[in-house]
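Visitor: The following block contains the structure, expressed as structure tokens.
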Amino acid sequence: MENLIRVMAAHWWVPLLRGIAAILFGLMALIWPGLTVYALLLVFGAYAIFDGAMAIVTAFRRKAADDRWWAWALDGVLSILIGLMALFWPEATALAFILWMAAWGVVAGVFRIIAAIRLRDEIEGEWALGLSGLLLVVWGVLMALVPAAGLLGIAWLIGLFALLIGVAMIVLAFRLRGLRTA
């Protein structure tokens, strides 16, 4: 497990970039809540593809040190798939897309929680990864429970949770960065 921590610490910038992307996405959703569903889908699609690519980078960086690296890769593939759907099928109904986003949030969140549990004895600050996973699960469940809510409410919900997830990922990144010299 020490090798896994070393790999994660060496690539602390990956969760930092994921956190920054989440915060930028969240701010855009909060600043322009009246965006059309089409524009929101495009922004979300770009974010999900970037987030997925960073998760896949993490997976392959961990491959040699962790036999469960595939969970990160699956998180990345799911993120990329939902991002591509948002970009290439924006005319799909908002309800269907909201349910897809909800499913992505729950699955990706569960994988992050599992990763945090596995790391709890190895590093301090694993709670940040677990918190980002918990927030994704809560966000996904809320999206599934209230899919017919207005675009304004959805945009604010998306923005708020993206900000919280972004902050949690940045905290994790700096905890990992601190381990580089430890």
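The values are calculated or read from the model by the stated rules, or taken from the named source; none is laboratory data. Keep in mind that what you see is a predicted model, and the values were worked out from it rather than measured. Because the Cβ atoms are built from the backbone with ideal geometry, glycine has one as well, and the counts that use them run over all protein chains shown. Ligands, DNA and RNA are stripped out before the accessible areas are found, and what is left, the full protein with its side chains, is counted by its heavy atoms. Shrake-Rupley method; radii C 1.70, N 1.55, O 1.52, S 1.80 Å.
Visitor: So which trypsin sites (Lys or Arg not before Pro) in the range 77-137 end up in coil per DSSP with only 14 or fewer other C-beta atoms within 10 Å?
Guide: Arg120
Visitor: Another question, if that's okay. Give me the percent relative contact order of the chain, please, defined on Cα pairs under 8 angstrom at least 6 residues apart. All intermediate terms of the calculation are to be shown ahead of the outcome.
Guide: Numbers: 286 pairs, mean separation 64.7, N = 182.
Dividing the mean separation by the residue count of the chain yields 36 percent.
Visitor: Explain nothing, just the number: dipole magnitude of the range 59-182 about its Cα centre with +1 on each Lys and Arg Cβ and -1 on each Asp and Glu Cβ, in debye rounded to the nearest 20. Intermediate values should be presented prior to the final figure.
Guide: Numbers: 10 positive and 8 negative charges, 65 e Å.
Taking the Cα centre of the range 59-182 as origin, the dipole is about 320 debye.
Visitor: For helix 151-179, report the angle its Cα long axis makes with the longest principal axis of the Cα atoms of the chain; keep it between 0 and 90° and round to the nearest 10°.
Guide: 10
Visitor: Based on the Cα coordinates of the range 102-178, what is the per residue volume of their convex hull in Å³?
Guide: Details: hull volume 4.8 nm³, N = 77.
Once divided by residue count, the hull of the range 102-178 is 63 Å³.
Visitor: For the range 1-68, which trypsin sites (Lys or Arg not before Pro) are in a loop by DSSP, counting at most 15 other Cβ atoms within 10 Å? Could you put the intermediate results ahead of the total?
Guide: Numbers: sites: Arg6, Arg18, Arg61, Arg62, Lys63, Arg68; in loops: Lys63, Arg68.
The qualifying sites are Lys63, Arg68.
Visitor: In whole percent, and with a 1.4 Å probe on the protein chains, what portion of the accessible area of the chain is carbon and sulfur?
Guide: On the way: 6440 of 8670 Å².
Carbon and sulfur together cover 74 percent of it.
Visitor: Tilt of helix 13-31 relative to the longest C-alpha principal axis of the chain, in degrees (0 to 90, nearest 10)?
Guide: So the inclination is approximately 20 degrees.
Visitor: So how far apart, in nm, are the two label points at Ala96 and Val141 if each is 7 Å from Cα heading toward Cβ?
Guide: The answer from the label model is 2.8 nm.
Visitor: Helix 94-119 versus the longest principal axis of the chain: what is the Cα-based angle in degrees, 0 to 90, to the nearest 10?
Guide: Orientation of helix 94-119: about 10 degrees from the principal axis.
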